[in-house]
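Here is the structure we will look at.
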Amino acid sequence: MLIVGASGGHGTAAAWACAAAGARVVLAGRRVPALERLYDELDAAGHEAALYPINLEGAQPDDFDQLGQTLQQEFGGLDGLVLAAGRLQGLAALEHLDGSEWLRTWHVHVNVAFLLWRACLPALRQAQGTLIVYLDDPARCEHALWGAYGVAQAALRAFVAIAGEESSRLGPRVLGLLAPPCRTNLNLRAFPASPPDRFCPPERIAPAVVDLLAQPGMTGSVYDARPLAAD
């Protein structure tokens, strides 16, 4: 099980949920100290884990190809790939958005989803695994001031639909996980004046990842996890 963005709020919660369900998790991300801390905590709890540091902002196609090859060589098939990485430096009008920030945000969301999908496809297909992409609520982020992040979220939903339709016969499955606003660094940067308890703990959403991995058949669709915020 590969968790991309494992050092973030959603990624950490998903790693714990998948490990608790018996999966060996590969923790991928750029913040090495946070990844190592998560690895140590999982190991101390008796769970199997591995580390794969990668800076998504600067990673190129060859870096993702190497990741896919390494996973297949070390683990064989890949049962699941959870893409929980995100980038949002704050809310701003498009006219005030720096060009380099637009490119970095688009790369982390849209380019990374495609490059990971392409690189890990052989391992995912071998195990008939599942790609799960965390998605933000379009009702809030596809509006003014959400900039490159809001545009990228719309593109990610299209990616899930297209990749899922194309892989419906041979696999693997592709699913979106529509999460409510959660207590993550991304949301705290978007709303720095808001108290953290305004947002749902990401641990409340993470069990949906395990449920989606266990459900057969469904592909190209988006699971709405927003009601879990009220549980």
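The values are calculated or read from the model by the stated rules, or taken from the named source; none is laboratory data. All figures in this text were calculated on a predicted structure; none of them were measured in a lab. Don't worry about glycine lacking a Cβ; one is built from the backbone with ideal geometry, like all the others, and counts go over all protein chains shown. What goes into the accessible areas is simple: the full protein's heavy atoms, side chains included, and nothing from ligands, DNA or RNA. Shrake-Rupley method; radii C 1.70, N 1.55, O 1.52, S 1.80 Å.
Scan segment 66-81 and give yes if some residue there is in a helix (DSSP H, G or I) and of a type in the set (D, E), otherwise no.
Yes: segment 66-81 contains one or more residues that are in a helix (DSSP H, G or I) and of a type in the set (D, E).
Identify the residue in segment 39-65 that is part of a loop (DSSP other than H, G, I, E, B) and in contact with a Phe, Trp or Tyr (Cβ under 9 Å, 6 or more places away or on another chain) and, among all such residues, is least open to solvent (accessible area, probe 1.4 Å).
I54
Just one of the numbered conditions (1) over 15 Å from A206 (Cβ atoms); (2) at pLDDT 95 or above is not true of A14; which one?
(1)
Given (1) touching a Cys at 6+ places or on another chain (Cβ under 6 Å); (2) under 23 Å from P216 (Cβ atoms), identify the lone condition not met by G68.
(2)
Please enumerate the residues belonging to segment 46-76 that are touching an Asp or Glu at 6+ places or on another chain (Cβ under 9 Å), more than 22 Å from R125 (Cβ to Cβ) and among the small types (G, A, S).
Result: A49, single match.
This table checks each residue for (1) in contact with a strand residue (DSSP E or B) (Cβ under 8 Å, 6 or more places away or on another chain); (2) under 20 Å from A92 (Cα atoms); (3) modelled with pLDDT of 90 or more.
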site	(1), (2), (3)
G129	yes, no, yes
D137	yes, yes, yes
A154	no, yes, yes
E165	no, no, yes
G171	no, no, no
F191	no, yes, no
A206	no, no, yes
A229	yes, no, no
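Can you pull out the residues in segment 104-113 that are modelled with pLDDT of 95 or more, open to solvent by 10 Å² or more (accessible area, probe 1.4 Å) and touching a helix residue (DSSP H, G or I) at 6+ places or on another chain (Cβ under 7 Å)?
V110
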